[in-house]
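A short write-up of the structure that comes next.
The values are calculated or read from the model by the stated rules, or taken from the named source; none is laboratory data. Note that this is a predicted model, so its numbers are computed, not measured. No Cβ is skipped: glycine too gets one built from the backbone with ideal geometry, and neighbour counts run over all protein chains shown. Side chains included, ligands, DNA and RNA excluded: accessible areas come from the protein's heavy atoms. Shrake-Rupley method; radii C 1.70, N 1.55, O 1.52, S 1.80 Å.
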Amino acid sequence: MKGPLFYSKILLFGEYGIIKDSKGLSIPYNFFKGALKVSETPDQEAIQSNENLKNFATYLEEIHDKGVVKFDFEKLHSDINSGMYFDSSIPQGYGVGSSGALVAAIYDEYAANKITVLENLTRDKLLKLKEIFGLMESFFHGKSSGLDPLNSYLSLPILIHSKDNIEPAGIPSQSVENKKGAVFLLDSGIVGETAPMVSIFMESMKQEGFRSMLKNQFVKYTDACVDDFLKGDVKSLFFNIKELSHVVLDNFKPMIPKQFHTLWKHGIETNDYYLKLCGSGGGGYILGFTQDFDKAQASLKDYKLEVVYNF
């Protein structure tokens, strides 16, 4: 058995903000991927993944009663007992959707009456999928918006207008020729955990000052970045990313690993690059934006950078 491939994702804009109805833009990232497999000679990783699938299946039986989604449990248990595991190159705790790809793969293989990618994807169908995926992925994070699995399942960029308004998005096509600008991933070398970061955020939300900053600065610049990116207005985009990077450094310090605070500030001061959170932060990847990738690379020569998108 070898299931279809599901890819990682990158939330370019909207981390934390989408909890409070900011816009967001999520794109598939085909560099990492995963698929359900059965192997005659499983290694330690495959055995561990199989164990995790057993626990996940138990959880899916618990949510089955909520009536949101039905699964073919007979087939699922039979495959798990045959040693099925999720063979994935997507790093866990890096903000690129490792659990999202797994959720998409399980839904694709075992959901009854599933909504398929080939259908006319109305807004209602997208929201239904998002609800199902949010419920499924909550097993991994405690609470999930369902966007990561949705992105992985559809393999399309997704524009989030608000919690109840999402649509597939067309993003400006990119050719690498003569393009110096880039969105890139910077490897922090630290594994991040989503749940503790989200709980720090929820705790901060109890403070009036933080809520006001979120609404008047963070959401404002996030929305502007999404609009600029989709319009291809690079000049305005970089103005707004710089502001957003500043707001994150000032207000989301616990989500930025300590050793990156100076690096973050250096980018803002030199304009060589601007950094922002990739996913919930706390480690994993940090997302970078630059108008001159060679300059950013020289500035960040001690770090491993991966280009995700060219301007």
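Considering (1) among the hydrophobic types (A, V, I, L, M, F, W, C); (2) in contact with a strand residue (DSSP E or B) (Cβ under 9 Å, 6 or more places away or on another chain); (3) open to solvent by less than 20 Å² (accessible area, probe 1.4 Å); (4) closer than 24 Å to Lys23 by Cβ, the lone condition that Met213 does not fulfil carries the number (2). Just one of the listed residues (Pro168, Pro172, Pro196) is within 16 Å of the chain's Cα centre (by Cα) and not charged (D, E, K, R), namely Pro168. If the requirement is being part of a helix (DSSP H, G or I), acidic (Asp, Glu) and in contact with a strand residue (DSSP E or B) (Cβ under 7 Å, 6 or more places away or on another chain), which of these qualifies: Glu109, Glu61, Glu45? Exactly one residue qualifies, and that residue is Glu109.
Is it fair to say Ile90 is within 14 Å of Leu36 (Cα to Cα) and in a loop (DSSP other than H, G, I, E, B)? So Ile90 passes the test.
Remark: pairs (first residue in segment 185-196, within 20 Å of Phe289 (Cα to Cα) and touching a residue at least 24 places away in the same chain (Cβ under 8 Å); second residue open to solvent by less than 60 Å² (accessible area, probe 1.4 Å) and among the β-branched types (Val, Ile, Thr); Cβ separation under 7 Å; 6+ apart in sequence or on different chains) = Leu185/Val308; Leu186/Ile286; Ser188/Ile286. Any idea which residue in segment 277-311 is nearest to Ile18 (Cα to Cα), counting only those that are among the charged types (D, E, K, R) and in contact (Cβ under 8 Å) with a residue 24 or more places away in the chain? That would be Glu306.
When Gly146, Gly97, Gly142, Gly170 are screened for being within 19 Å of Leu11 (Cβ to Cβ), touching a helix residue (DSSP H, G or I) at 6+ places or on another chain (Cβ under 7 Å) and exposed (fewer than 14 other Cβ atoms within 10 Å of the Cβ), only Gly142 passes. Of the residues contained in segment 1-20, one or more are found to be over 17 Å from His141 (Cα atoms), touching a helix residue (DSSP H, G or I) at 6+ places or on another chain (Cβ under 9 Å) and free of Cβ contacts under 8 Å to residues at least 60 places away in the same chain. Among the residues making up segment 63-94, those that are modelled with pLDDT under 90, open to solvent by 80 Å² or more (accessible area, probe 1.4 Å) and over 21 Å from Glu193 (Cα atoms) are Asp65, Lys66. Each residue in segment 5-40 was checked for being farther than 30 Å from Gly232 by Cα and either open to solvent by less than 10 Å² (accessible area, probe 1.4 Å) or modelled with pLDDT under 90 (or both), and 5 of them qualify. Residue selection: Tyr153 fails the criterion of being among the hydroxyl-bearing types (Ser, Thr, Tyr), touching a Leu at 6+ places or on another chain (Cβ under 8 Å), open to solvent by less than 40 Å² (accessible area, probe 1.4 Å) and without any contact (Cβ under 8 Å) to a residue 40 or more places away in the chain. Go through segment 200-211 residue by residue and tally those that are assigned to a helix (DSSP H, G or I) and under 21 Å from Ile256 (Cβ atoms). Of the residues in segment 200-211, 8 are assigned to a helix (DSSP H, G or I) and under 21 Å from Ile256 (Cβ atoms). Listed conditions (1) in a loop (DSSP other than H, G, I, E, B); (2) surrounded by 15 or more Cβ atoms within 10 Å (Cβ to Cβ) are all met by Lys180, apart from (2). For segment 112-127, filtering for residues that are open to solvent by less than 40 Å² (accessible area, probe 1.4 Å), in contact (Cβ under 8 Å) with a residue 24 or more places away in the chain and either assigned to a loop (DSSP other than H, G, I, E, B) or of a type in the set (Gly, Ala, Ser) (or both) leaves 1.
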